[in-house]
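Here the structure comes first, spelled out in structure tokens, and everything after it is commentary.
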Amino acid sequence: MHRFVKNAGMKAVTLTLALSAAAVAQMPVSHSTVAPTLAQTPPMGWNSWNHFAGKVTQQDVMDAADAMVKSGMRDAGYVYVNIDDTWEGERDAQGVLHTNSKFPDMKALGEYIHARGLKFGIYSSPGATTCAKYAASLGHEQQDADLYASWGVDYLKYDLCSFGTNMREAQAAHPEDLEFANRMMRQSYVTMRAALDKTGRPIVLSLCQYGWDNVWAWGAAVGGNLWRTTGDIRDSYDRMAELGFGQAGLSKYAGPGHWNDPDMLEVGNGKMNADEYRTHMSLWALLAAPLIAGNDLSKMTDETKGILMNRAVIAIDQDSLGKEGDRVRAEGPQEVWSRPLAGGGLAVGLFNRGGWNQPMSVSLKELGVKKAREIVNVWTGEKVVAKDGSVTAVVPKHGVVLLRITE
């Protein structure tokens with residue numbers, strides 16, 4: 001349906017996961033003055049893909065905005081209403097992109113979302129087409145950025161997808177330069193960041209390229225506010241756990257304005273039980289991950305609402321210190337994670353990845369806590385007593401005990 005736009009000056013590269021010092025030295029830098037001021041805490045909101053996928057319509061998005069207000073999600077901090085792929089139509093003779101019939105008036109949609117105290121997010125790709133083969137932004141970056149700004153867009157998810165073809169073609173043509181395609185990829189994000197900044201509208205840039213080329217090491221430098229560190233999530237405990245617990249060691253790359261993103265929330269989509277969804281939400285909070293819900297907001301059970309809108313868990317995710325948590329230890333199916341909080345506190349997760357209930361313990365000394373003034377079980381609100389300097393709890397299978405420790 002669409003041709004790839006090629007640059008005759010491109011050299012090829014191997015898609016490597018190793019990021020050399022030389023590559024870092026040659027890496028484009030966005031010099032954006034806007035990006036660092038955005039997303040001072042991990043973005044919270046909703047995205048259409050997990051539930052609606054390619055069937056999403058303008059009315060679906062309007063209904064989601066209304067549900068976010070009615071359910072209390074907006075007041076709990078979920079503010080972005082993000083359209084994913086399949087909204088795009090064709091470009092006209094001047095190259096301006098038009099929406100397809102599912103989205104008859106994008107400017108009116110933006111106004112509808114803003115009128116409810118929410119923010120508007122949209123989707124594109126640095127390639128010629130999106131993942132679903134709709135028109136994307138290659139060669140039209142400034143046109144598209146200007147268009148988004150005219151619609152009142154506040155957030156752009158920029159998905160690598162077909163741009164990988166351009167990178168592979170360059171690689172095949174010029175195998176002698178082993179870092180060019182990675183620099184080429186990074187440059188595509190610099191280009192869009194510059195285009196967004198030129199509009200004068202502050203727009204969060206979400207890099208969606210699945211963790212290739214150690215994106216966490218350079219995502220902020222190219223103007224990203226968050227970057228996917230993983231492949232796509234699914235509504236299954238095994239996949240969620242693979243992605244979430246796989247974030248160990250990445251904490252130093254996150255902070256205010258730039259966040260590691262292990263993908264969207266599956267809470268409420270129905271294929272995990274309550275303990276598993278609480279594990280999902282707790283782990284994402286400890287990871288300072290964006291909380292982007294992906295469920296049908298019109299059909300949330302009280303249980304789903306209680307998980308997504310638990311203010312104490314959200315407070316951990318949105319903590320002003322902006323320090324991502326990390327693994328303390330892992331022994332068999334048991335993992336202990338902790339996250340430093342503003343004011344000297346600590347959030348701690350006792351995770352049982354096994355298939356049966358298990359007792360777990362962690363000592364205050366192991367956590368680096370000299371004296372705990374208060375320990376609270378975040379999900380139940382109950383106070384916990386440390387006996388002989390340790391906290392012990394029975395953790396359900398695939399479950400979590402999430403603690404907040406005040407020193």
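The values are calculated or read from the model by the stated rules, or taken from the named source; none is laboratory data. In this text, all values refer to a predicted model and were calculated from it rather than measured experimentally. Note that each Cβ is placed from the backbone with ideal geometry, even for glycine, and that neighbours are counted across all protein chains shown.
Structure notes:
- Test: residue in the range 323-341 that is modelled with pLDDT under 95, under 22 Å from Val384 (Cβ atoms) and of a type outside the set (Phe, Trp, Tyr): no
- Residue among Val328, Val348 that alone is among the hydrophobic types (A, V, I, L, M, F, W, C), within 25 Å of the chain's Cα centre (by Cα) and surrounded by fewer than 18 Cβ atoms within 10 Å (Cβ to Cβ): Val328
- Taking the criterion of being at positive phi, small (Gly, Ala, Ser) and in contact with a strand residue (DSSP E or B) (Cβ under 6 Å, 6 or more places away or on another chain), no residue of the range 173-210 qualifies.
- Criterion (over 13 Å from the mean Cα position of the chain (by Cα), in the same structural domain as Ile83 (by TED's automatic domain parsing) and closer than 18 Å to Asp263 by Cβ) met by exactly one of Asp213, Asp197: Asp213
- The lone exception for Arg183 - which of (1) over 24 Å from the mean Cα position of the chain (by Cα); (2) farther than 27 Å from Met264 by Cβ it fails: (1)
- Screening Asp235, Asp263 for residues that are surrounded by fewer than 24 Cβ atoms within 10 Å (Cβ to Cβ) and not hydrophobic (A, V, I, L, M, F, W, C) leaves exactly one candidate, Asp235.
- Residue that is nearest to Leu297 (Cα to Cα) [pool: residues in the range 89-124 that are more than 22 Å from the chain's Cα centre (by Cα) and part of a strand (DSSP E or B)]: Thr99
- Hits in the range 238-260 - residues which are surrounded by fewer than 20 Cβ atoms within 10 Å (Cβ to Cβ) and more than 18 Å from Arg353 (Cβ to Cβ): Leu250, Lys252, Tyr253, Gly255, Pro256, Gly257
- Those residues of the range 300-341 which are of a type in the set (A, V, I, L, M), in a helix (DSSP H, G or I), closer than 23 Å to Val394 by Cβ and out of contact with any His (no Cβ under 9 Å at 6 or more places or on another chain), in sequence order: Ala312, Val313, Ile316
- Among the residues making up the range 356-388, those that are exposed (fewer than 12 other Cβ atoms within 10 Å of the Cβ) and not in a strand (DSSP E or B) are Trp356, Lys365, Gly368, Lys370, Lys371, Arg373, Thr380, Gly381, Glu382, Val385, Asp388.
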